[in-house]
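**Q** Below you'll find the structure I mean.
The values are calculated or read from the model by the stated rules, or taken from the named source; none is laboratory data. If you're wondering where the values come from, they're calculated on a predicted model, not measured in any experiment. Every residue, glycine as well, gets a Cβ built from its backbone with ideal geometry; the counts of neighbours run over all protein chains shown. The accessibility values were calculated without ligands, DNA or RNA, using every heavy atom of the protein model including side chains. Shrake-Rupley method; radii C 1.70, N 1.55, O 1.52, S 1.80 Å.
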Amino acid sequence: QVQLVESGGGLVQAGGSLRLSCAASGSIFSINAMGWYRQAPGKQRELVAFITRAGSRNYADSVKGRFTIPRDNAKNTVYLQMNSLKPEDTAVYYCAVEVSGLDYWGQGTQVPVSS
């Protein structure tokens, strides 16, 4: 069993920055990909960014140039650094990790961006 604890969400003004954290614990032998998804009100959940164990990163077009996804393998932690936030970034953000072929999800953290 893998547990994910997210932190760092909260209200932010447009143009501001926020950093989300996701720490994984439990039966972890090797975490492969770690990533962030988000779900805005009335919309489907979408991929924001992910990073592989080797450090390869992939970003949604809507966040390229504004968000980065650092990862600390020693701490089994992934971050989402969000800069130049826009009202359309408002969503619940979920951390997800892939361990031995299985996907695990965090509980979600709200990020409202005011205009």
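**Q** How about K43: which aspartates and glutamates have a C-alpha closer than 13 Å to its C-alpha, ignoring those fewer than 8 places off in the same chain?
**A** Straight-distance partners of K43: E88, D89.
**Q** If you don't mind, another one. For segment 85-115 and segment 1-51, what is the centre-to-centre distance using only Cα atoms, to the nearest Å?
**A** Result: 4 Å between the Cα centres.
**Q** In addition: Give the carbon-plus-sulfur fraction of the accessible surface of the chain in %, rounded to a whole number; probe 1.4 Å, heavy atoms of protein chains only. Mind dumping the intermediate values first?
**A** Working: 2890 of 6030 Å².
The nonpolar share, carbon plus sulfur, comes to 48 percent.
**Q** Please check: in the Gaussian network model of the chain (C-alpha springs, under 10 Å), which one of Q44, Q13, Q81 has the largest mean-square fluctuation.
**A** Q44
**Q** For the chain, with every protein chain kept in place, what is the accessible area per residue (1.4 Å probe, Å²)?
**A** On the way: 6030 Å² over 115 residues.
Dividing the accessible area of the chain by its residue count gives 52 Å².
**Q** Same structure, new question: Tell me the relative contact order for the chain as a rounded percent, counting alpha carbon contacts under 8 Å between residues six or more apart. Could the numbers behind the result be given before it?
**A** Working: 284 pairs, mean separation 41.3, N = 115.
That works out to 36 percent.
**Q** Moving to a separate point now. Placing unit charges on C-beta atoms (Lys and Arg positive, Asp and Glu negative, everything else neutral), compute the dipole magnitude of segment 1-63 about its Cα centre in debye, rounded to 20.
**A** 40
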